[in-house]
1. If I ask for residues that are farther than 15 Å from residue 127 by Cα, surrounded by fewer than 22 Cβ atoms within 10 Å (Cβ to Cβ) and touching a residue at least 60 places away in the same chain (Cβ under 8 Å), which ones from the range 55-73 would you list?
2. Just give me the residues in the range 198-220 being assigned to a helix (DSSP H, G or I) and either within 16 Å of residue 157 (Cβ to Cβ) or free of Cβ contacts under 8 Å to residues at least 40 places away in the same chain (or both), in sequence order.
3. Among the residues of the range 1-32, how many are within 16 Å of ligand 1 (Cβ to nearest atom), assigned to a helix (DSSP H, G or I) and of a type in the set (S, T, N, Q)?
4. Would you confirm, using the coordinates I've provided, whether residue 230 is over 22 Å from residue 153 (Cβ atoms), away from ligand 1 (no atom under 16 Å from the Cβ) and among the aliphatic types (A, V, I, L, M)?
5. So residue 102 passes all but one of these: (1) within 16 Å of ligand 2 (Cβ to nearest atom); (2) small (Gly, Ala, Ser); (3) more than 18 Å from the chain's Cα centre (by Cα). Which condition number does it fail?
6. Can you work out which of the residues in the range 144-190 that are buried (at least 24 other Cβ atoms within 10 Å of the Cβ) and part of a loop (DSSP other than H, G, I, E, B) is farthest from ligand 1 (Cβ to nearest atom)?
7. Can you tell me which condition residue 48 does not meet? The list is (1) buried (at least 23 other Cβ atoms within 10 Å of the Cβ); (2) over 30 Å from residue 145 (Cα atoms); (3) not aromatic (Phe, Trp, Tyr), and all the others hold.
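The values are calculated or read from the model by the stated rules, or taken from the named source; none is laboratory data. Note that the coordinates shown come from a computational prediction; the quantities given were computed from them, not determined experimentally. When we count neighbours, we look across all protein chains shown, and the Cβ atoms used for this are built from the backbone with ideal geometry, even at glycine.
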Amino acid sequence: MMKNILEAKFVKEMCDTTANMYRLGWDERNGGNISYMLDEKEVAEYFDINCILRTIPLGFNANELAGKYFIVTGTGKYFKNVEKNPEENLGLFRISKDGKNAELLWGYSDGGKFTSELPAHLMSHIARLKVDPENRVVIHSHPTYTLAMNFVHELDEKKFTHTLWEMCTECIVVFPDGVGVLPWMLCGTDEIGEATAKKMEEFRLVIWAMHGIYGAGKTLDETFGLIETVEKAAQIYMLTCNRPRINTIKDEDMVKLAEYFGVKYRKDFLNI
Ligand code: 2HA
Ligand code: ZN
């Protein structure tokens with residue numbers, strides 16, 4: 001007997017994460033997308049993995065991920081609606097042997113397909129897996145204060161990261177590797193996908209200037225938490241940036257934090 005996919009932990013987690021992000025105001029309309037790599041073993045509990053519902057061309061080559069399984073939000077779909085109707089708003093597929101197609105096993109039930117940002121997602125998975133074999137999740141979102149900060153702060157990786165680190169004591173501990181920044185680029189393209197993946201070799205967080213953010217991690221919680229921490233710091237920045245700054249977390253304080261918590265941080269992003 002196959003188990004009911006709607007009770008699968010990974011479907012519940014996708015529902016919870018999209019619902020949280022929607023309620024935080026980060027994912028208006030069809031904004032944002034999530035991809036989550038699954039093990040064949042966990043997928044096989046829910047359906048016959050030889051029963052392909054549809055073959056959907058990827059439009060680019062993902063042969064480094066051949067045979068891998070992903071659950072991914074659908075193109076044009078709203079985070080607001082995932083929880084109510086996971087089968088229409090999500091899809092679960094395997095990358096074909098030649099890396100050219102998505103073999104749909106469940107979901108996109110209204111004839112839909114994966115997010116238009118799939119190139120950036122899959123290319124980021126490939127890049128992160130080389131750095132961290134346990135990476136499973138890529139999230140793209142439009143968090144409000146992070147975006148606002150893009151309009152008033154220099155888009156320099158060192159300066160942007162440094163400002164975020166200054167805004168919350170825990171920032172340097174949560175994202176010691178800092179935040180990569182891409183200039184404004186056309187979204188949905190292979191080009192922005194390749195640029196994002198290149199940044200992902202170095203960073204788990206990548207800003208798409210005046211558009212949003214990408215995060216990567218081992219779990220949905222961890223990846224969500226990374227973006228949430230950046231967003232909190234950006235919020236504090238936006239609440240304080242037009243007033244004189246009287247107090248700040250100093251660079252030597254950040255060194256103490258990084259050393260106390262034993263994290264490997266971007267020393268070159270501090271001014272010491
Ligand atoms: O999928 O967020 O970047 C909607 C978007 C595109
Ligand atoms: Zn977007």
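1. Scanning the range 55-73 gives 58, 59, 60.
2. 198, 199, 200
3. 2
4. no
5. (1)
6. Of everything passing the filter in the range 144-190, 175 is farthest from ligand 1 (Cβ to nearest atom).
7. In the conditions (1) buried (at least 23 other Cβ atoms within 10 Å of the Cβ); (2) over 30 Å from residue 145 (Cα atoms); (3) not aromatic (Phe, Trp, Tyr), residue 48 misses (1) alone.
Here's the yes/no breakdown for (1) hydroxyl-bearing (Ser, Thr, Tyr); (2) touching a Gly at 6+ places or on another chain (Cβ under 9 Å); (3) on the phi < 0 side of the Ramachandran plot; (4) more than 16 Å from ligand 2 (Cβ to nearest atom):
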site	(1), (2), (3), (4)
64	no, yes, yes, yes
79	no, yes, yes, no
95	no, yes, yes, yes
118	no, yes, yes, no
125	no, no, yes, yes
